[in-house]
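Asker: Dumping the structure here so I can ask a few things about it.
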Amino acid sequence: MPEAPRQGRPSTAAASTPSGLRHARRPRYGERAALVVAGGVIGVVVGVPLLALLLELAAAPAGALATVGSTLGAPALWALLARSLALAAAVTLVALALGVPLGVLLGRTDVPGRRWALALHAFPMFVPPFLLALGWFHLLGQSGLVGTPGTARVLFSAAGVVGVLGLAFAPVVTTLTALALQAVDPGLEEAARVVAPPGRVLTRILLPVAWPAVALALLVVFALAFSELGVPMFLRVRAYPAAVFARLGGFAYAPGEAVALVLPLGAVTLALLGLERRALGERPFAVLGLRGAERAPLPLGRRRWAAAGACWGAALVGVAPLAALALRAGRAGFVAAPAWIGASWWNGLLAGALAATASVAVGLVTGHALARRRPGARGLDTVTMLAFVTPASVLGVGLVAAWNRPATHFLYGSLAVVVLAFVARYAVIAARVIAITVAQSSASLEEAAAAAGAGYGRRLRRIVLPMHARGVGAAWLLTLVFCLRDLETVALVYPPGGEPLTVRIFTLEANGPEPVIAALALVQVLMTAALLAAGGLLLAKRRHP
């Protein structure tokens, strides 16, 4: 006869279950503490500058308030704001008209060499738009390679600003559209193709599913176009960010007026943030994930080669200004460039790398929490998105108000203020990329580890990071590249001798030798291309060991 179990001594299985349940139900104190720390960092880099801006206005004396009132009461101010909003809207429409068709063709059809065409077309979005405008000047300016007085007049006009920025930002729409189409559920597409031709599948199934990603791209394009400083100033078109820059870093220094000028931008910021929260929410996470099983591309039939010509033509037009810069620089420009570049290339690279590392460290916590729908994560995401859609001039004035004080001169007078500016503006990129990556995986492994007693830090190190190393690496690389291309945020806060290469080129453009300026621009382009190539190779190696 089998021996009866001893009384008062539960079996091993019975004992392990309650313990596992206790671990599973244990409050996530480690995760909550990490979110509090991440929230503190976000509060310092984003909240403090914006709060300092409001406090400075509230503490202003009566005379300063009168200056603010007279500035805001000027009709020319509101006309300039309306003009800048109209320019940003026109750039967004151009990017939409170019980006969605190219995203469809390069993302889901059988266009020959579509991956290479997409890579070539996407590269200009990582280049400072000011450098693209400089290249277009050497192409279409009166003394350009194919320039005439007529092309110069068009280039140095509002239409020229819209054209340059539209071509620069269209790859944002193209890339997000292509990623969204590649991530659509294959079963949904295959079921539709059984009963409908490819064209109807595209318009009735694929594009509606990808719409949140397209809407996100349009929001990004509008925010970047509205904040753009270099292109309107170079093409001699009056724009609102240039007016703020002139009050802080230009010939018409008046910090009180600068504070007044950023106040109307608050309404623009809140409108953009409200649009992102209401229209998009978390839906882009579902359509910007990792691609699943390979699917046959949609056949174009007889139109295949015509579509290929259009795609490759658009890609070549996008990089044409870079070729013009290379021709203008010539051997003389590259020989003289080292004497002009100084430490600017290293300043931008170091500040960008530090900012990308800090952004990924914070984004790993907030992005993971956002993907797993943890309490508080949505609020932190809102704050970082607020900083991104806030016009760079507002953020710059806030950074000046917060850190340009005797007690914090060690920050404001060093490269640290540039790192703070980059983290404030681009932390959302790292967090969103990590959130999208984590959202594509099941939480079962993390839950099993938690049930076994693994703490939050251990789960993050041993499960989340190894599983999503490529996504975290991509987040770091993308954040670094956006920091390197920045001009409008850092132009207001860089310390003496600490300017990045974008600012050095911008300040030398008016009086420097043209071959040298073109060579410095090519250095910036080549540095970005090298980083993207190296990062792409490392990420591909990680995927295919």
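The values are calculated or read from the model by the stated rules, or taken from the named source; none is laboratory data. Nothing here was measured: the structure is a model prediction, and the numbers come from that model. Cβ sites come from the backbone with ideal geometry, for glycine too, and all protein chains shown count toward neighbours.
Asker: Quick test for you: out of V516, V438, pick the one residue that is assigned to a helix (DSSP H, G or I) and either in the same structural domain as F123 (by TED's automatic domain parsing) or surrounded by fewer than 23 Cβ atoms within 10 Å (Cβ to Cβ) (or both).
Answerer: On the way: V438 fails: either in the same structural domain as F123 (by TED's automatic domain parsing) or surrounded by fewer than 23 Cβ atoms within 10 Å (Cβ to Cβ) (or both).
Of the residues listed, the single one that is assigned to a helix (DSSP H, G or I) and either in the same structural domain as F123 (by TED's automatic domain parsing) or surrounded by fewer than 23 Cβ atoms within 10 Å (Cβ to Cβ) (or both) is V516.
Asker: In the range 219-267, which residue that is out of contact with any helix residue (DSSP H, G or I) (no Cβ under 9 Å at 6 or more places or on another chain) and over 15 Å from P391 (Cα atoms) is modelled with the highest pLDDT?
Answerer: Initially, the range 219-267 is screened for residues out of contact with any helix residue (DSSP H, G or I) (no Cβ under 9 Å at 6 or more places or on another chain), giving 236, 251, 267.
The next check asks that each one be over 15 Å from P391 (Cα atoms); those that pass are 236, 251.
Numbers: R236: 93, F251: 53.
Out of the qualifying residues, it is R236.
Asker: Further question on the same structure: Just a yes or no: is a residue in the range 458-476 crowded, with 22+ Cβ neighbours inside 10 Å and not in a helix (DSSP H, G or I)?
Answerer: Yes: the range 458-476 contains one or more residues that are crowded, with 22+ Cβ neighbours inside 10 Å and not in a helix (DSSP H, G or I).
Listed here are the residues, each with its yes/no results for (1) touching a helix residue (DSSP H, G or I) at 6+ places or on another chain (Cβ under 8 Å); (2) in the same structural domain as E228 (by TED's automatic domain parsing); (3) aromatic (F, W, Y).
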site	(1), (2), (3)
R458	yes, no, no
P466	no, no, no
A469	yes, no, no
V472	yes, no, no
A475	yes, no, no
T479	yes, no, no
L484	yes, no, no
E488	yes, no, no
Y494	yes, no, yes
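Asker: Over 16 Å from A491 (Cβ atoms), assigned to a helix (DSSP H, G or I) and hydroxyl-bearing (S, T, Y) - does that describe any residue in the range 360-371? I'd like the intermediate steps shown before the answer.
Answerer: Initially, the range 360-371 is screened for residues over 16 Å from A491 (Cβ atoms), giving 360-371.
Applying the additional criterion that residues be assigned to a helix (DSSP H, G or I) yields 360-371.
From what is left, the residues that are hydroxyl-bearing (S, T, Y) are 366.
Yes: the range 360-371 contains one or more residues that are over 16 Å from A491 (Cβ atoms), assigned to a helix (DSSP H, G or I) and hydroxyl-bearing (S, T, Y).
Asker: So G535 clears everything in (1) surrounded by fewer than 19 Cβ atoms within 10 Å (Cβ to Cβ); (2) part of a loop (DSSP other than H, G, I, E, B); (3) touching a helix residue (DSSP H, G or I) at 6+ places or on another chain (Cβ under 6 Å) except one condition, right? Which one?
Answerer: Failed condition: (2).
Asker: Starting from residues that are part of a loop (DSSP other than H, G, I, E, B) and modelled with pLDDT of 95 or more, keep the ones in the range 129-173 and report whichever is surrounded by the most Cβ atoms within 10 Å (Cβ to Cβ).
Answerer: Taking the range 129-173 as the starting set, the residues that turn out to be part of a loop (DSSP other than H, G, I, E, B) are 141-148, 156-157.
With modelled with pLDDT of 95 or more added as a condition, the list becomes 156-157.
On the way: F156: 18, S157: 14.
By that ranking, first place goes to F156.
Asker: Restricting attention to the range 99-116, does a residue exist that is crowded, with 18+ Cβ neighbours inside 10 Å, among the β-branched types (V, I, T) and within 18 Å of L216 (Cβ to Cβ)?
Answerer: yes
Asker: Scan the range 337-355 and report the pairs whose first residue is under 23 Å from P515 (Cα atoms) and whose second residue is of a type outside the set (A, V, I, L, M, F, W, C) and surrounded by fewer than 17 Cβ atoms within 10 Å (Cβ to Cβ), with Cβ atoms within less than 8 Å and a gap of 6+ or a chain change.
Answerer: W340/G512; A343/G497
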